[in-house]
């Protein structure tokens, strides 16, 4: 996928925003590869701070830790974030290395597992589980603190949503083309 940056008017008269215009490839394998590369790069840069921030949001909301304990928990969260980022990055690389028919999970499911290390830090700090919405309890039974990222963009980069979409569209097209060769319409 080639990216060209350009400036467009925002909703105000004086401000401008930067946005990207993408020229999407018609090759589904290339679409998947580009999406995968962007997802792994995003996790590499954003996963560790996401874990630390998720822990500290709960710590601040609970507001019962003394300052020395908060400092210790922040350091533990930073270390857990580095561990989680490395683990998730490797899991994503392993997922993307598989043939599409052998992939039994999604990149978002792998990214959502960042909650594991964050949860360990919160439990070790003695912070009680939070009350969660019934849907969240069913959908994410091991997310005791309500921190699971619902969207990949919650890591802190809106472009990751497009990367995940590109990967998913590419995968769907590869699977379709394998099942029905020549059935796709190229545009």
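The values are calculated or read from the model by the stated rules, or taken from the named source; none is laboratory data. Model, not experiment: these values are computed from the prediction. We place every Cβ from the backbone using ideal geometry, glycine too, and count neighbours over all the protein chains shown.
In the set 149, 141, only one residue is surrounded by 14 or more Cβ atoms within 10 Å (Cβ to Cβ) and closer than 18 Å to residue 110 by Cα; that residue is 149. For the range 85-95, check the following and say yes or no: at least one residue is surrounded by fewer than 12 Cβ atoms within 10 Å (Cβ to Cβ) and either within 20 Å of residue 140 (Cα to Cα) or within 18 Å of the chain's Cα centre (by Cα) (or both). Yes, the range 85-95 has at least one match. Within the range 144-164, the set of residues being farther than 26 Å from residue 59 by Cβ and in contact (Cβ under 8 Å) with a residue 24 or more places away in the chain comprises 159, 162, 163, 164. Just one of (1) modelled with pLDDT of 95 or more; (2) closer than 20 Å to residue 162 by Cβ; (3) surrounded by 16 or more Cβ atoms within 10 Å (Cβ to Cβ) fails for residue 1. It is (1).
Within the range 165-185, residues that are under 19 Å from residue 102 (Cα atoms) sit with their Cβ atoms under 7 Å from residues that are at pLDDT below 95 and exposed (fewer than 10 other Cβ atoms within 10 Å of the Cβ), at 6+ positions apart or across chains, in these pairs: 176/183. Every condition in (1) more than 18 Å from residue 42 (Cβ to Cβ); (2) part of a helix (DSSP H, G or I); (3) without any contact (Cβ under 8 Å) to a residue 24 or more places away in the chain is met by residue 94 except one, and the failing one is (1).
Yes/no matrix, rows are residues, columns are (1) within 13 Å of residue 51 (Cβ to Cβ); (2) touching a helix residue (DSSP H, G or I) at 6+ places or on another chain (Cβ under 7 Å); (3) assigned to a helix (DSSP H, G or I):
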residue	(1), (2), (3)
108	no, yes, yes
111	yes, yes, yes
119	yes, no, yes
127	no, yes, no
137	no, no, yes
145	yes, yes, no
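Tell me, yes or no, whether the range 147-155 has at least one residue that is in contact with a helix residue (DSSP H, G or I) (Cβ under 7 Å, 6 or more places away or on another chain) and within 21 Å of residue 70 (Cα to Cα). Yes, the range 147-155 contains at least one residue that is in contact with a helix residue (DSSP H, G or I) (Cβ under 7 Å, 6 or more places away or on another chain) and within 21 Å of residue 70 (Cα to Cα).
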